[in-house]
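Structure record follows, encoded as structure tokens.
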Amino acid sequence: MKKLILAAITVTTAASVFAQGTVAFVNRSAGGTSHVYSGQPGSPLRQGNAPGDSPAGSVDYAGYTLIGTTGGMTASTTFAQLLGANGAGQPESSLLPGAGTTTFRTGPGAGNNVLVTSTFANIPADAAVGTFEMVAWDNSSGLYPTWAQASVGWAANLIAAGRSLPFNISSIGGAVNTPPGVEPGLTSFSIGIIPEPTTAALAGLGAAAMLIFRRRKQ
């Protein structure tokens, strides 16, 4: 009998150690609505809700196209994933992808991702709060099925991608809590190529470097 009790305790402890937090990942729900857009080549990357979002914001997406609409990026080949870390206000560098990559909808749901439950190995089940961020990218080539690969391609200006502003979610899903939604914390954002530094910016950096160099020589 004692052996059975010890075995049960061991199994329960192991399950609690490996229990993972869950989040209901969809940017259109009763809690609010945000959208993901694509821009024209050279368009600046934007983050934040527009006046028509819920809650409403002030970011202007005129000239941008919702993912999944005619003239925009294809819904089925534009991927989205949720990144997260345990605790509130964590730095972006600490956010890791959750299991659960999804795509986008068309028609009235354009700009909104298909619902998926994101599971995080780095966030305990029923955690009090976590920091999250939505990322999305173009996988029409089929070469970037994960954010780990897509983030490298984006940094090299090989594909278009984008990310929301970081936000917090409380009462992470697990054995006690049901998976919470990402709204109203999640914000709208656009997908694009990382802009190259402008001539003016490069000139400014060069001038700053020269000033520092001269001061060190004095």
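The values are calculated or read from the model by the stated rules, or taken from the named source; none is laboratory data. Not measured: the values here are computed from a predicted model. Cβ: placed from backbone, ideal geometry, glycine included. Neighbour counts: every protein chain shown.
In region 185-192 there is at least one residue matching the filter, namely being in a loop (DSSP other than H, G, I, E, B), modelled with pLDDT of 95 or more, in contact with a Ser or Thr (Cβ under 9 Å, 6 or more places away or on another chain) and of a type in the set (S, T, N, Q).
In this structure, residue 70 does not qualify as within 28 Å of residue 170 (Cβ to Cβ) and not charged (D, E, K, R). You will find that of 127, 121, the residue that is more than 18 Å from residue 35 (Cα to Cα) and over 17 Å from the mean Cα position of the chain (by Cα) is 127 and no other. If I filter region 130-144 for residues that are in a strand (DSSP E or B), in contact with a helix residue (DSSP H, G or I) (Cβ under 6 Å, 6 or more places away or on another chain) and either surrounded by fewer than 18 Cβ atoms within 10 Å (Cβ to Cβ) or not acidic (Asp, Glu) (or both), do I get at least one hit? Looking for residues that are in a strand (DSSP E or B), in contact with a helix residue (DSSP H, G or I) (Cβ under 6 Å, 6 or more places away or on another chain) and either surrounded by fewer than 18 Cβ atoms within 10 Å (Cβ to Cβ) or not acidic (Asp, Glu) (or both), one finds at least one in region 130-144, hence yes. Total residues in region 29-76 satisfying the condition of being on the phi > 0 side of the Ramachandran plot and not in a strand (DSSP E or B): the figure is 5.
Checking each residue in region 41-65 for being under 18 Å from the mean Cα position of the chain (by Cα), farther than 21 Å from residue 106 by Cα and of a type in the set (S, T, N, Q) picks out only 47. A single entry from 99, 19, 85, 24 fulfils the requirement of being in contact with a helix residue (DSSP H, G or I) (Cβ under 9 Å, 6 or more places away or on another chain) and either closer than 15 Å to residue 130 by Cβ or in contact (Cβ under 8 Å) with a residue 24 or more places away in the chain (or both): 85.
Within region 83-113, if we keep just the residues that are over 19 Å from residue 187 (Cβ atoms) and among the aliphatic types (A, V, I, L, M), the residue that is farthest from the chain's Cα centre (by Cα) turns out to be 99. Look at region 168-186: where a residue is farther than 19 Å from residue 113 by Cα and a partner is acidic (Asp, Glu) and surrounded by fewer than 22 Cβ atoms within 10 Å (Cβ to Cβ), sitting 6+ places away or on another chain with Cβ atoms under 6 Å, you get 174/126; 176/126; 177/126.
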